[in-house]
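Novice: The structure follows.
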Amino acid sequence: MVCLAISVKLVPNFKPNNYNFVMKKLVLSFLFLSFLFQPIAKADEGMWLPMLLGEQVYADMVKKGLKVSKEQLYSMNQACIKDAIIIFGGGCTGEIVSKEGLIFTNHHCGYSAIAAASTVDHNYLRDGFWSKSKSEEIYAPGVHAQFLMKIVDVTDKVNEKIKDIPAMELTQKLPGILAEMATKETEGSGYEGRISSMFKANQFLLFVYERYKDVRLVGTPPESIGKFGGDTDNWEWPRHTGDFSIFRVYTNKEGKAADYAADNVPLKAKYSLPVSIKGIKDGDYTMIWGYPGGTNRYETSYGVKLKTDIENPSLVDLRDQRLKYMLEEMKKDPAVKIQLAGNYAGIANYWKFFDGESKQLLKFKTFEEKQTNEAAFLTWAKGKPEFENLFNEYSKMYDAWRPYAKQRVYMTEGIFGSPLIKFASSLQKLDAALSKKDVSKEDIAKAIDAAKADRTNFIKDENVVSDKNILGFVTQAFYNAIDAAQHPAGFYAMINSKFGDLKTKSTYEAFSNYVFTTTAILDNAKWDAMMANPDTATLHKDPAFMMANAFNTNFNSKYAKLFADFNAKNFVLGKAYLKGVLEMNKGKKMYPDANFTMRVSYGKVGSYSPKDAVKYSHICTLSGILEKYKPGDYEFDAPVKLIELAKAKDYGQYADAGAKDVVVSFISSNDITGGNSGSPVINGNGELIGLAFDGNYEALSHKIKFDKDLNRTINLDVRYLLWVVEKLGGATNIIAELDIRK
């Protein structure tokens, strides 16, 4: 789920001359039509900056059911909802739900921390974990909680800073400039600053955060609850996944953010969300707060066609096989499952997403819709030199990069999808240090120490059997899919001469076996000897480094400049295009693309009909778990105690009055994306009713196109969360901390 960098688009195979002809016809067709640009919010679309809601958006929120004031949503002068929303672990959202810094977030957001705390003897992934007192809570190294302190518009300052920089250099220089400015803006405050670009660098906002480094695991359900349904149910509705985990923020005794210490104390929260168990109805108001990672709603038709023709299909095929080889080993050994759990989950999540995204973009005819929008833009831009030739330039830009787009996907997702080759690539930093003239012994020692530290982390996560299979597959896949003229010079000729016919799978299996049995990276004695007296000749003879170096050198010497030019031009043209769009739509409510900055979206609980004769309810219940339950199954097993309680209808105070059951999950029309995982779903009274954790397959085009009819966010009902904590975990101490509204 991933976020702040300027996105780079690979290129589709279609004729620019044909495209321009179609565009001219569309311009004529839409000459007298008003312009309706897609990212002007319609229905429940929009990820809004809380400080910039404006009267128009806030009034619409109230009309749909919001009952709290703007100051209760976002204020610099009083505690408010924004103070309870955190960045969790650098890539997810969490929410503060007690005065003592208790955090709710998704199970998949806490997954790596849970795996890191687990051993074969204390397998918290498999068995769950519930602390019955604060002394039992487990420190989660590397997990941080960041609170937003304020947002400041710094557009004028940034524009003044970059006004003399050539446009084609901005894409490379801007990140460094923004980082330097953010550091100066927060210098001496103890806070962190990040300046984020809005509307493709037409606006810049400074976000100021306070980071807390002592975060501890408080509770997690067994994986059979937290991942119930596995990959089969991922991105699907109906859904019965108990996707939650519980953590706590700690401070030093003075209440300040601090590194972990045993005598640190729970955070005294500025604001915590009350928790409602009153239940939900179809049509109820919902808002979701959090940190959506990235959308590209202002993408051009060129970029859309790229995704459906090249980028997504290639990525899906490569990830499919990588997951297959990992899963084979995870099923054999619980220790391997723990070892690979985090990496596997990350790969699997977006493997299915990219497959669904392509299908929905094609189904919704998004390419054609973008062409229509662009034709209307060109009608408006006629006679405006700054804008009227933008799409001619887009055409040239894509033509220049198109022949090499697939190669880059097969290198990044394929060749460097092997953990061994990815690590070997990192040794180029050591190689560079050793190759410098007059390099100091101190610099070499630093490079060696860094390589040793990186290797320690690599070895901890490396599963040789699955990686060996991955390497054989991706090496053959690159050979078959990529034009021979774009292969690394001599690489496949070497495989052919030493290992056999390049059309035969066994050749690549033999090559992979050779790499794994020969490389010093996986042999402690060879590695220690190489680090004791490192030299470039020895490093370049290592087969894993040789392969990584061959592919890196091939790309850097022939294609890196083309890629950099494509990236730079895409940035420049995108900035100009959005400037024009903003001018066209002055006075209309528009939202910037998601970029992992705090946003709020609003909508309603909503059933939907994805196809003829099918209507999905807005809720799923415990009864559905009983229907899906398969004892011992890798995806649909469940704890025996859960099954017993569900059969006995032991629901406690968490039963839904209408369903006469515990609601496990519900769907809403909110606009979210990756990064919103763990986000609170809040009702019109400002009370927590659920945790967002997924989207529905029928609307996986949402990063580029929001569908007003089919888009649904899948949310864990907070009543199921509390039922699991109390009835299965017996952690009544956690329940007692909450402000529960009945």
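Novice: Starting from residues that are among the acidic types (Asp, Glu) and free of Cβ contacts under 8 Å to residues at least 60 places away in the same chain, keep the ones in region 434-466 and report whichever is farthest from Asp535 (Cα to Cα).
Specialist: Looking at the filtered set, the residue picked out is Asp454.
Novice: Which pairs have Cβ atoms under 6 Å, sit 6 or more apart or on different chains, and link a residue in region 274-290 that is without any contact (Cβ under 8 Å) to a residue 24 or more places away in the chain to one that is surrounded by fewer than 21 Cβ atoms within 10 Å (Cβ to Cβ) and part of a loop (DSSP other than H, G, I, E, B)?
Specialist: none
Novice: Moving on. Just one of Glu185, Glu169 is of a type in the set (Asp, Glu) and under 24 Å from Gly90 (Cα atoms); which is it?
Specialist: Glu185
Novice: As an exercise: evaluate Tyr298 against (1) among the aromatic types (Phe, Trp, Tyr); (2) assigned to a loop (DSSP other than H, G, I, E, B); (3) more than 21 Å from the chain's Cα centre (by Cα) and give the number of the one condition it does not meet.
Specialist: (3)
Novice: Would you mind telling me which numbered condition in (1) in a loop (DSSP other than H, G, I, E, B); (2) more than 30 Å from Leu361 (Cα to Cα); (3) of a type in the set (Lys, Arg) Lys641 fails?
Specialist: (1)
Novice: Here is a follow-up. Of the numbered conditions (1) more than 24 Å from Ala345 (Cβ to Cβ); (2) free of Cβ contacts under 8 Å to residues at least 12 places away in the same chain; (3) not small (Gly, Ala, Ser), Trp401 satisfies every one except a single condition; which is it?
Specialist: Here Trp401 meets the rest and fails (2).
Novice: Here's something else I'd like to know. Tell me yes or no: at least one residue of region 416-431 is surrounded by fewer than 20 Cβ atoms within 10 Å (Cβ to Cβ), over 29 Å from Ala115 (Cβ atoms) and in contact with a helix residue (DSSP H, G or I) (Cβ under 6 Å, 6 or more places away or on another chain).
Specialist: Yes.
Novice: Next question, about the same structure. Asp259 fails exactly one of the following numbered conditions: (1) more than 29 Å from the chain's Cα centre (by Cα); (2) surrounded by fewer than 19 Cβ atoms within 10 Å (Cβ to Cβ); (3) not aromatic (Phe, Trp, Tyr). What is the number of that condition?
Specialist: (1)
The rows are residues; the columns are (1) acidic (Asp, Glu); (2) in contact (Cβ under 8 Å) with a residue 40 or more places away in the chain; (3) surrounded by 17 or more Cβ atoms within 10 Å (Cβ to Cβ); (4) at positive phi.
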{"site": "Met149", "(1), (2), (3), (4)": "no, yes, yes, no"}
{"site": "Ala167", "(1), (2), (3), (4)": "no, yes, no, no"}
{"site": "Ala182", "(1), (2), (3), (4)": "no, no, yes, no"}
{"site": "Ser197", "(1), (2), (3), (4)": "no, yes, yes, no"}
{"site": "Ala201", "(1), (2), (3), (4)": "no, yes, yes, yes"}
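Novice: Name the residue that is surrounded by the fewest Cβ atoms within 10 Å (Cβ to Cβ), counting only residues in region 239-256 that are closer than 20 Å to Val143 by Cβ and polar (S, T, N, Q).
Specialist: Ranking the qualifying residues of region 239-256, first place goes to Asn252.
Novice: Among the residues of region 340-370, how many are surrounded by fewer than 20 Cβ atoms within 10 Å (Cβ to Cβ) and over 30 Å from Ser112 (Cβ atoms)?
Specialist: The total comes to 6.
Novice: Mind counting the residues in region 121-141 that are touching a residue at least 40 places away in the same chain (Cβ under 8 Å), surrounded by fewer than 21 Cβ atoms within 10 Å (Cβ to Cβ) and of a type in the set (Gly, Ala, Ser)?
Specialist: The number of residues fulfilling the criteria is 2.
Novice: Would you confirm whether any residue within region 614-622 is in the same structural domain as Ile667 (by TED's automatic domain parsing), closer than 30 Å to Lys332 by Cβ, loosely packed, with under 15 Cβ neighbours inside 10 Å and without any contact (Cβ under 8 Å) to a residue 40 or more places away in the chain?
Specialist: no
Yes/no per residue for (1) among the basic types (Lys, Arg); (2) within 30 Å of Gly472 (Cβ to Cβ); (3) not assigned by TED's automatic domain parsing to the domain that holds Gly674:
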residue: Leu273; (1), (2), (3): no, no, no
residue: Gly279; (1), (2), (3): no, no, no
residue: Thr286; (1), (2), (3): no, no, no
residue: Pro292; (1), (2), (3): no, no, no
residue: Ser301; (1), (2), (3): no, no, yes
residue: Leu327; (1), (2), (3): no, yes, yes
residue: Asn343; (1), (2), (3): no, yes, yes
residue: Ile347; (1), (2), (3): no, yes, yes
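To keep it simple, each residue is scored yes or no on (1) over 20 Å from Lys324 (Cα atoms); (2) at pLDDT below 95; (3) not acidic (Asp, Glu).
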| site | (1), (2), (3) |
| --- | --- |
| Lys436 | yes, yes, yes |
| Ser440 | yes, yes, yes |
| Asn463 | no, no, yes |
| Leu471 | no, no, yes |
| Val474 | no, no, yes |
| Ala481 | no, no, yes |
| Ala489 | yes, no, yes |
| Trp527 | yes, no, yes |
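Novice: Could you list all residues from region 697-734 that are under 20 Å from Met47 (Cα atoms) and among the β-branched types (Val, Ile, Thr)?
Specialist: Residues satisfying the conditions are Ile704, Thr713, Ile714.
Novice: Got at least one residue in region 45-62 being closer than 26 Å to Leu738 by Cβ, in contact (Cβ under 8 Å) with a residue 60 or more places away in the chain and either in contact with a Pro (Cβ under 9 Å, 6 or more places away or on another chain) or part of a loop (DSSP other than H, G, I, E, B) (or both)?
Specialist: Taking every residue of region 45-62 in turn, none turns out to be closer than 26 Å to Leu738 by Cβ, in contact (Cβ under 8 Å) with a residue 60 or more places away in the chain and either in contact with a Pro (Cβ under 9 Å, 6 or more places away or on another chain) or part of a loop (DSSP other than H, G, I, E, B) (or both).
Novice: Answer with yes or no whether Lys436 is assigned by TED's automatic domain parsing to the domain that holds Tyr479, basic (Lys, Arg) and surrounded by 13 or more Cβ atoms within 10 Å (Cβ to Cβ).
Specialist: No.
Novice: All but one of (1) free of Cβ contacts under 8 Å to residues at least 24 places away in the same chain; (2) part of a helix (DSSP H, G or I) hold for Gln360; which doesn't?
Specialist: (1)
Novice: Looking at Thr553, is it within 28 Å of Arg402 (Cα to Cα) and among the β-branched types (Val, Ile, Thr)?
Specialist: For Thr553, the condition - within 28 Å of Arg402 (Cα to Cα) and among the β-branched types (Val, Ile, Thr) - is met.
Novice: Looking only at region 519-544, how many residues end up being without any contact (Cβ under 8 Å) to a residue 40 or more places away in the chain and over 36 Å from the mean Cα position of the chain (by Cα)?
Specialist: Here the count works out to 10.
Novice: A follow-up question, please. In region 231-248, how many are out of contact with any Phe, Trp or Tyr (no Cβ under 7 Å at 6 or more places or on another chain), in a loop (DSSP other than H, G, I, E, B) and over 17 Å from Val662 (Cα atoms)?
Specialist: Matching residues across region 231-248 total 1.
Novice: A further question on this structure: Is it the case that Glu687 is in contact (Cβ under 8 Å) with a residue 12 or more places away in the chain, assigned by TED's automatic domain parsing to the domain that holds Asp233 and closer than 19 Å to His240 by Cα?
Specialist: no
Novice: Name the helices (runs of 4 or more DSSP H) wholly within region 462-558 that hold at least 3 residues that are surrounded by 14 or more Cβ atoms within 10 Å (Cβ to Cβ), polar (S, T, N, Q) and out of contact with any strand residue (DSSP E or B) (no Cβ under 6 Å at 6 or more places or on another chain)?
Specialist: Filter on region 462-558 gives 464-481, 505-518, 543-558.
The values are calculated or read from the model by the stated rules, or taken from the named source; none is laboratory data. Because the structure is predicted, anything quoted here is derived from the model rather than measured. We place every Cβ from the backbone using ideal geometry, glycine too, and count neighbours over all the protein chains shown.
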